[in-house]
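Colleague: My structure is below; once you've seen it, I'll send some questions.
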Amino acid sequence: MYPGEDTDAPGQPPERRAGEVPERPTLDGLEAKWGAAWERERTYAFDRTAPRERVFSIDTPPPTVSGSLHVGHVFSYTHTDTIARYRRMRGMDVFYPMGWDDNGLPTERRVQNYYGVRCDPQVPFDPGFAAPTEPPEEPLSISRQNFVALCLTLTESDEQAFEDLWRTLGLSVDWGMTYTTIGPESQRISQSSFLGLLRRGVAYQLEAPTLWDVDFQTAVAQAELEDRERPGAMHRVRFGREDGGEALIDTTRPELIGACVALLAHPEDERHAALVGGEAITPLFGTRVPVLTHPLVQSDKGTGLVMVCTFGDLTDVVWWRELGLPVRPLLGADGRLVPVPWGEPGWESRNPDAARAAYSELEGRTVNQARRRIVELLAASGELVGEPQPIQHAVKFFEKGDRPVEIVTSRQWFIRTVEHQDALIARGRELRWDPPYMRARFEDWVHGLTGDWCISRQRFFGVPFPVWYPLDEQGQIRHEDPILAEEAQLPVDPSSDVPPGYEPDQRGTPGGFVADPDVMDTWATSSLTPQIVARAPSAASANRKDHGAARAGGQAVDDGDLFERVFPMDMRPQAHDIIRTWLFTTVLRSHLDYDVLPWREAAISGWVLDPDRKKMSKSKGNVVTPIALLEEHGADAVRYWAAKGRPGADTAFDAKQMKTGRRLAVKLLNASKFAIADLPPDAAAASHPLDRAMLERLAGVVTEATACFEDYDYARALQRSEDFFWWYCDYYLELVKGRRYAADPDISASVGHALRRSLSVLQRLFAPFLPFVCEEVWSWWQEGSVHRAPWPQEAELGGADGAREAAVNGSGTPAQRDLALDVVGDVLREVRKAKSNAKQPMRAPVERVLVRDTQERLDALALGADDLRQAGSIEIVHTEPGDEFGVEVQLADGNPAA
RNA sequence: GGGCGCGUAGCUCAGUGGGAGAGCGCUCGCUUCACACGCGAGAGGUCGCAGGUUCGAAACCCGCCGCGCCCA
């Protein structure tokens, strides 16, 4: 029960009031109580009038809205929040918005499964459409507009659930600044940036070989690929020659023999030198193909001779481009073999009838089906040499896909990246990386770029390209002559909006226009999160780069100079798995549009692994839901576990750490209650040597924790504070109990002073980690929120105060006082051990203690002997100089115990 | 194949040139006037292996083994 809880109306949390310490403090309910208070008092609101030098801006990762947050999110977002809270207490105005990444394939997939629908752009819009209450057996085909509406509905409820979870976790986000990547502002900025790139020739459209997912039937980007080990087979196939000879090649993709356009050998491979320059003839299809050389051919693989197809893998694309080979595409967008005209130009054959007959066995089949069949055909014709050899090999998959990516020629939008490689490496070196070794991943990725970034997707729930195409008099699309939206129009949906200079009824008519049907890759928008949160002004007609860094020449939209106050931002927190996607693309876009880094620092967090050190994933069934965690342990305890995870390091999920965190939070409640309830009178300064020594130790902790935070080492800051706090509770608080309850205010006031100072500092030291319990204990005796209180400083603890030093007599030098804490602690431990060995309670009286130690340590002991006697219930403490530390304890019952 | 990281007590981890540590778990004890969601005490380690540098190595260097990730 909290103060005032029973008198306030239900649902209305009690107003903050200082000075009341509950009889039985508890952690239960603190999340709801203080979550509501922070909202009411706008504790974390960003002050838009703050000058840039006082702003600390954070480019928070917008979590993908496709179901639920998992414990890995809780982990890394907590790291960011500890930094945000630290900076806020340091007096910074923290710009800390939250976003939701809701556009893109994950949402489409979720909507498909949740409602049992599929998007079919051919289906007309149904204004009265309502989603089925139960997903039907067969997916329902619905229009693009209805599909997008369902996506918006579902993401909205998901986003509310996400926000609730983040509030319960205690993220100190300004919830008045939330954005979504499908929202109008994101669309405007995304389209505006795209148009700028297009005008400057940095974005371009090209009909080209493109990585293609045959299930989603969309282009995908290099960054979205992953290798998966899959079983395959190496087939040795005999090609013919005009002179009747043969050429043997090895391939894992015999189904593409019909698409073969050349054979290649390494230029220095003597074995095939005679063949090079001549021609070979494909089996089954009888097509003549040239035999050429290229340095990328690996002579040690198979026969050293490879076939180049349209297109079996990315290397085929390189060869096709560099050797100027023709195309012979066999694969359709759905991953099946398309009909082709054998015998006609481009599909020449020595025997078109045989080619047609063989191909009829393959046409319309999937890649796998065609592969099985062609192996049978090759075996029957004697052109398969030996048996296929089973192998394990890495196959490229779209990271969200179920079948290997294919390479299909199609018209797509690209952003130039390859020519900026050097500049991007240089940007990566300007950036501060935490931990520093993460930069290697960025450089690896940039060095490995093989093509420009394909940003168009043949999907539905995304930001559309703000582009239409004119139709000529025959109704043919003139792709080379796109009509661009005007800045003032943005955001536009070209499928419903009309381009400048046209009428709506000209859509799809000869001489009229059609919309670009594609949407942007989700990263094409996510890469602009700094611009989105900062509400980047439109570029208008001028391009941004012409106006210099971070100073767009265009008109402000509605937030005036917010952009200039927060951009470039201070920190980008994110996990290491999306360095090649989110981090890379954000650096790229900022470089291209503003010629500047988007942020000063990238703080890279690790993953949460299950106790077997495997990545947590739904398919393994080892996912822990954050809500259950928060309910079981409480937000502060979960945050404690997260904050123990060092920057960049993967961390095993460990509920025991949460129990430890809860223990710490409970300890803070009880220690605060002990210290604050019936506080002794205050003094101008601590006069007792042990009080002063404790404060001096704490000053050292403050210095260290501050340095850790400045170095982004929140975990060590917590560790140092915690180490001190447990010592403080176990030794200091026990030692001073006698003086704390002393009737003489001259004695108790020194403790009163020390307790006030230390508790205040400790509550603030823990505030970034345990925001709920710290706010609770702070509210018992202080005005305002602890999260708006100043970060503690050494000077508060009177450490280096020369005047005060002189005013207090008999408390030794700082070194002697600190030693006194050690020696008193050592002796107390021995006394406790004696009682423990004698199976006596700790309060059991001790008749006599003899301490043998060096004179220096005995002198120090004298400074705290009174407190030692009290804490150990010791009658007399004798000392005896010696070389070795030793303690003899005489318990009051007469039995020597040690 | 290249790169990065990791390997310390049963578990999770801290410790970067000079005493091998913490929490949890385990054993024993204590209803001590803030706290039994507690307190006290104790047991437990050849610091992955091998070599080198050094007066001195868990730490620095070299090699190997194992695990994870990124890239090809």
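Values in this text are rule-based calculations from the coordinates and carry no lab data. What you are looking at is a predicted structure, and each value in this text was computed from that prediction instead of being measured. Glycine gets a Cβ as well: all are built from the backbone with ideal geometry, and neighbour counts include every protein chain shown.
Colleague: Would you mind checking which residues have amide H under 5 Å from A:VAL514's amide H? H placed 1.01 Å from N; only 5 or more apart, or other chain.
Modeller: The list, which skips near neighbours in sequence, is A:TYR469, A:LEU471, A:GLY508.
Colleague: Filter the cross-link list A:LYS659/A:LYS737; A:LYS667/A:LYS835; A:LYS33/A:LYS833; A:LYS400/A:LYS659; A:LYS396/A:LYS659 down to pairs whose alpha-carbon distance in this structure exceeds 31 Å. List each step's numbers first, then the result.
Modeller: On the way: A:LYS659/A:LYS737 28 Å; A:LYS667/A:LYS835 25 Å; A:LYS33/A:LYS833 43 Å; A:LYS400/A:LYS659 36 Å; A:LYS396/A:LYS659 43 Å.
Result: A:LYS33/A:LYS833; A:LYS400/A:LYS659; A:LYS396/A:LYS659 exceed 31 Å.
Colleague: If you rank A:HIS787, A:HIS591, A:HIS479 by fewest surrounding Cβ atoms within 10 Å, what's the result?
Modeller: On the way: A:HIS787 22, A:HIS591 18, A:HIS479 14.
Starting with the residue having the fewest Cβ neighbours, the order is A:HIS479, A:HIS591, A:HIS787.
Colleague: For the charge dipole of region A:218-293, defined by +1 on Lys and Arg C-beta atoms and -1 on Asp and Glu C-beta atoms about the Cα centroid, which residue among A:PHE285, A:PRO267, A:ILE249 has the Cα displaced farthest towards the positive pole?
Modeller: Ranked along the dipole, the leading option is A:PHE285.
Colleague: Just round it to a whole percent: the fraction of Cα-Cα distances in chain A exceeding 56 Å.
Modeller: Working: 119137 of 402753 pairs.
That tail contains 30 percent of the Cα-Cα pairs.
Colleague: Give the long-range amide H neighbours of A:LEU609: residues separated by 5 or more places, or on another chain, with amide H under 5 Å away, using H modelled in the peptide plane at 1.01 Å from N.
Modeller: Hits under the 5 Å cutoff: A:THR651, A:ALA652, A:PHE653.
Colleague: So how strong a dipole does chain A carry about its Cα centre when Lys and Arg Cβ are +1 and Asp and Glu Cβ are -1, to the nearest 20 debye? Don't skip to the answer; put the middle values down first.
Modeller: Details: 99 positive and 136 negative charges, 212 e Å.
Here chain A has a charge dipole of around 1020 debye.
Colleague: Taking the Cβ of each residue in A:PHE194, A:PHE513 as the centre, tally the other Cβ atoms inside 10 Å and list the residues starting with the fewest. Walk me through the numbers on the way to the answer.
Modeller: Values: A:PHE194 26, A:PHE513 22.
By the 10 Å Cβ count, ascending, the order reads A:PHE513, A:PHE194.
Colleague: Based on DSSP loop calls and a cut-off of at most 10 other Cβ atoms within 10 Å, the longest stretch of chain A free of exposed GluC sites (Glu not before Pro) is what? If you can, show how the numbers build up before the last one.
Modeller: On the way: sites that count: A:GLU23, A:GLU137, A:GLU268, A:GLU473, A:GLU480, A:GLU884.
Counting at most 10 other Cβ atoms within 10 Å as exposed, the longest clean stretch of chain A is A:481-883.
Colleague: HN-Hα J couplings of region A:785-795 from phi, Karplus 6.51/-1.76/1.60, θ = phi - 60°, integer Hz, Gly and Pro as x?
Modeller: Here the 3J(HN,Hα) series is 7, 4, 7, 10, 7, x, 4, x, 10, 3, 4 Hz.
Colleague: So for chain A, taking the charge dipole from beta-carbon charges (+1 Lys/Arg, -1 Asp/Glu), which of A:ILE182, A:LEU588, A:LEU821 sits furthest toward the positive end?
Modeller: The Cα lying farthest towards the positive end belongs to A:LEU821.
Colleague: If you rank A:MET438, A:MET842 by fewest surrounding Cβ atoms within 10 Å, what's the result?
Modeller: In increasing order of surrounding Cβ atoms, one gets A:MET842, A:MET438.
Colleague: Follow-up question, since we're still on this one. Which ³J(HN,Hα) values, rounded to whole Hz and listed in residue order, are derived for region A:490-497 from phi using the Karplus coefficients 6.51, -1.76 and 1.60 in 6.51 cos²θ - 1.76 cosθ + 1.60 with θ = phi - 60°, glycine and proline given as x?
Modeller: Values, residue by residue: 5, x, 10, 10, x, 7, 10, 7 Hz.
Colleague: So what J values fall out for region A:361-372 if you push phi through Karplus, 6.51 cos²θ - 1.76 cosθ + 1.60 with θ = phi - 60°, rounded to Hz, Gly and Pro as x?
Modeller: 6, 10, 4, x, 8, 6, 4, 5, 4, 5, 5, 4
Colleague: Could you give the angle, 0 to 90 degrees to the nearest 10, between helix A:689-710's Cα long axis and the longest principal axis of the Cα atoms of chain A?
Modeller: Rounded to the nearest ten degrees, it is 10.
Colleague: Are there any trypsin sites (Lys or Arg not before Pro) in region A:386-416 that are in a DSSP loop and have at most 16 other Cβ atoms within 10 Å? List them by number.
Modeller: Loop-located and lightly packed - A:LYS400, A:ARG416.
Colleague: For region A:834-898, which trypsin sites (Lys or Arg not before Pro) are in a loop by DSSP, counting at most 15 other Cβ atoms within 10 Å? All intermediate terms of the calculation are to be shown ahead of the outcome.
Modeller: Numbers: sites: A:LYS835, A:LYS839, A:ARG843, A:ARG848, A:ARG852, A:ARG857, A:ARG869; in loops: A:LYS839, A:ARG843.
The qualifying sites are A:LYS839, A:ARG843.
Colleague: Cα axis of helix A:714-727 to longest principal axis of chain A: angle in degrees, 0 to 90, nearest 10?
Modeller: Roughly 20 degrees between the two axes.
Colleague: Let me ask something else about it. So what's the back-of-envelope 222 nm ellipticity for chain A, counting only DSSP H runs of four-plus at -39500 (n - 2.57) apiece and dividing by all residues, rounded to 500? Write down the numbers at each step before the final one.
Modeller: Values: 26 runs with 320 residues, N = 898.
Computed ellipticity for chain A at 222 nm equals -11000 deg cm²/dmol.
Colleague: To continue, here is another question. Over 10 Å intervals from 0, what percent of Cα-Cα pairs in region A:461-501 sits in each interval?
Modeller: 30, 51, 19, 1
Colleague: For chain A, what proportion of DSSP beta bridges, expressed in % and rounded to the nearest 5, is antiparallel? The partial results should precede the final answer.
Modeller: Working: 61 of 93 bridges.
Within chain A, antiparallel bridges account for around 65 percent of the total.
Colleague: In terms of modelled amide H atoms, which long-range or inter-chain residues lie less than 5 Å from the amide H of A:PHE95?
Modeller: Residues meeting the amide H criterion: A:PHE56, A:SER57, A:ILE58.
Colleague: Another question, if that's okay. If I take every Cα pair under 8 Å that is 6 or more residues apart in region A:459-544, average their sequence separation and divide by the length, what percent do I get for the relative contact order?
Modeller: Numbers: 120 pairs, mean separation 32.2, N = 86.
Computed over region A:459-544, the figure is 37 percent.
Colleague: Next question. In vacuum, with every alpha carbon of region A:174-243 counted as one equal point scatterer, what does the Debye formula give for log10 I(q)/I(0) at q = 0.14, 0.21, 0.23 Å⁻¹? Two decimals, please.
Modeller: So the normalised log intensities work out to -0.83, -1.14, -1.16.
Colleague: On to the next question. Between rounded, prolate and oblate, where does region A:693-746 land on the alpha carbon gyration tensor, with a ≥ b ≥ c its root eigenvalues, rounded for a/c under 1.5, else prolate if a/b exceeds b/c?
Modeller: Working: a/c = 4.76, a/b = 2.62, b/c = 1.82.
In terms of gyration-tensor shape, prolate.
Colleague: Below 8 Å, C-alpha to C-alpha, sequence gap of six or more: please give me the relative contact order for chain A in percent.
Modeller: Numbers: 1667 pairs, mean separation 121.7, N = 898.
It comes to 14 percent, rounded to a whole number.
Colleague: Continuing with this model, one more query. Relative to the longest principal axis of the C-alpha atoms of chain A, give the angle of the C-alpha long axis of helix A:105-115, reported between 0 and 90° and rounded to the nearest 10°.
Modeller: 90 degrees
Colleague: For region A:152-275, what relative contact order do you get, as a whole percent, if you take Cα pairs closer than 8 Å and at least 6 residues apart?
Modeller: Result for region A:152-275 is 9 percent.
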